[in-house]
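Below: the structure, in structure tokens.
The values are calculated or read from the model by the stated rules, or taken from the named source; none is laboratory data. Only a predicted model underlies this, so the values are computations on that prediction, with no experimental measurement involved. Positions of Cβ are backbone-derived with ideal geometry, glycine not excepted, and every protein chain shown enters the neighbour counts.
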Amino acid sequence: MRLIQPAGAVVFLVLVGLAVAVPTLDGFARTKKPSVVEAPPPPPPPPPAGPVGLPDRMIADAAAYDSYMRNATSLTPAFTDAGSVSHMLDQARAYSPKSLVRGAVAAAAIAALRDKTFVASIREAGNSPEHRAQIVDYVLANPAYALVFKGSDEAASLARDAVGPNALQLFLTGKVIRQSAYDIQKQGWSKAAVPDLPGRLAAAEAAAAGDMTPDPDRLLAARQAIAGSASGDMSVKPMSPPYAPMIAQALQLAAIAALGEARDDTYDRLSVLTRDGDTEACLGAAKRNFHQCLAVARPNYEDIFCAGQHALRDTGACMAKAAGVELPPEPLPPPAAPTKKRAVHKKHKG
């Protein structure tokens, strides 16, 4: 027997099938949209370079150099008694070779930092800690690397001017003091023996061994010069390389200082730039000659000669060579007086 399903049932089944197979409009509305992936925030900018500066010990060395040069070049031959000679000796002998070289390099570096173009060029290149570390390595390894930055020739001129004129003035002061040793010999006090000869020599030798101490006002001036570096406009005549070793080392030190990488904690690494073996040897020879001269000197006028010739003149000559400046030519000696020729009489045969 065949069963026939009513038409209504078929329609119901069809509708049920459609209801299962066909999603509703609400189903479309609930479909998830693809999520948007946001880009990570940009990395923070690299930390900027630290302030331009030098380790405190180098600033003190520069101030000590400045103190010695100001005091020594202000000496005059106006000697009136043994006390004035003793004061002159105190000023003339008050340096140690190594300390004077360290101070001269540091003072020259501070002067080089006055060039705005040089400082700005270096700080622009050192725009990240990695770049700054790389520049320091390059500068320490090769003095010529400091010359690739703009303004290095003007900075070199400023560095030389911090040493050269002082050296020439010290040299000339020594010549004047030395000459006065001859000029005052007619005065009775100048021929008197100097008291406590061993103590006088010991004091001179001690000054050559210890570190130099800056005058307080010069130390303050050095700190202010560092704080105000690369400020103000100036007209400087550029100086072309090659430079004397002391000036080249001052530029190296100034380049690292401009990056903000010359700090107290880097002093030991940078101290190699404040040593100059040739200049230290030259100053050491001048000091030894000074001490040997004092060891045999007795009257006051001989002390004046020793200080003028060796403590001042020879020291100035060493520093001038270190800065790459020429000494003034020595005057030619006066011509010898003509000698009268003895007449020779010949015998004639008569």
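The table below gives the values:
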read-out	value
Qualifying residue in segment 300-313 (condition: under 19 Å from residue 87 (Cβ atoms) and under 23 Å from the mean Cα position of the chain (by Cα))	yes
Every pair of residues 6+ apart whose Cβ atoms lie under 6 Å, when the first sits in segment 208-231 and is closer than 11 Å to residue 113 by Cβ and surrounded by 15 or more Cβ atoms within 10 Å (Cβ to Cβ) while the second is at pLDDT 90 or above and among the small types (Gly, Ala, Ser)	226/53
Residue within segment 178-191 that is touching a residue at least 12 places away in the same chain (Cβ under 8 Å), farther than 19 Å from residue 306 by Cα, part of a helix (DSSP H, G or I) and basic (Lys, Arg) present	no
Test result for residue 105, touching a residue at least 24 places away in the same chain (Cβ under 8 Å) and closer than 30 Å to residue 302 by Cα	no
Among residues of segment 136-150, those that are aliphatic (A, V, I, L, M) and over 21 Å from residue 240 (Cβ atoms), counted	3
Check on residue 99, at pLDDT 90 or above, under 16 Å from the mean Cα position of the chain (by Cα) and not charged (D, E, K, R)	yes
Residue in segment 254-276 that is more than 18 Å from the chain's Cα centre (by Cα) and either within 22 Å of residue 138 (Cβ to Cβ) or buried (at least 20 other Cβ atoms within 10 Å of the Cβ) (or both) present	no
Which numbered condition residue 186 fails, given (1) over 22 Å from residue 58 (Cα atoms); (2) buried (at least 18 other Cβ atoms within 10 Å of the Cβ)	(2)
Every residue from segment 84-108 that is closer than 19 Å to residue 202 by Cβ and either part of a helix (DSSP H, G or I) or among the basic types (Lys, Arg) (or both)	85, 86, 87, 88, 89, 90, 91, 92, 93, 97, 99
Per-region count, segment 109-140, residues of a type in the set (A, V, I, L, M) and not in a helix (DSSP H, G or I)	1
Complete set of residues in segment 72-96 that are under 21 Å from residue 289 (Cα atoms) and under 24 Å from the mean Cα position of the chain (by Cα)	72, 73, 91, 92, 93, 94, 95, 96
Residues within segment 209-240 that are at pLDDT 85 or above and among the polar types (S, T, N, Q), tallied	3
Qualifying residue in segment 75-91 (condition: touching a helix residue (DSSP H, G or I) at 6+ places or on another chain (Cβ under 7 Å), among the polar types (S, T, N, Q), within 25 Å of residue 321 (Cβ to Cβ) and touching a residue at least 40 places away in the same chain (Cβ under 8 Å))	no
Count of residues meeting criterion [among the charged types (D, E, K, R) and either crowded, with 23+ Cβ neighbours inside 10 Å or within 24 Å of residue 152 (Cα to Cα) (or both)] in segment 62-111	3
Failed condition for residue 173, given (1) surrounded by fewer than 18 Cβ atoms within 10 Å (Cβ to Cβ); (2) in contact (Cβ under 8 Å) with a residue 60 or more places away in the chain; (3) assigned to a helix (DSSP H, G or I)	(1)
Criterion: closer than 21 Å to residue 57 by Cβ and either modelled with pLDDT of 95 or more or in a helix (DSSP H, G or I) (or both) - qualifying residue of 294, 273	273
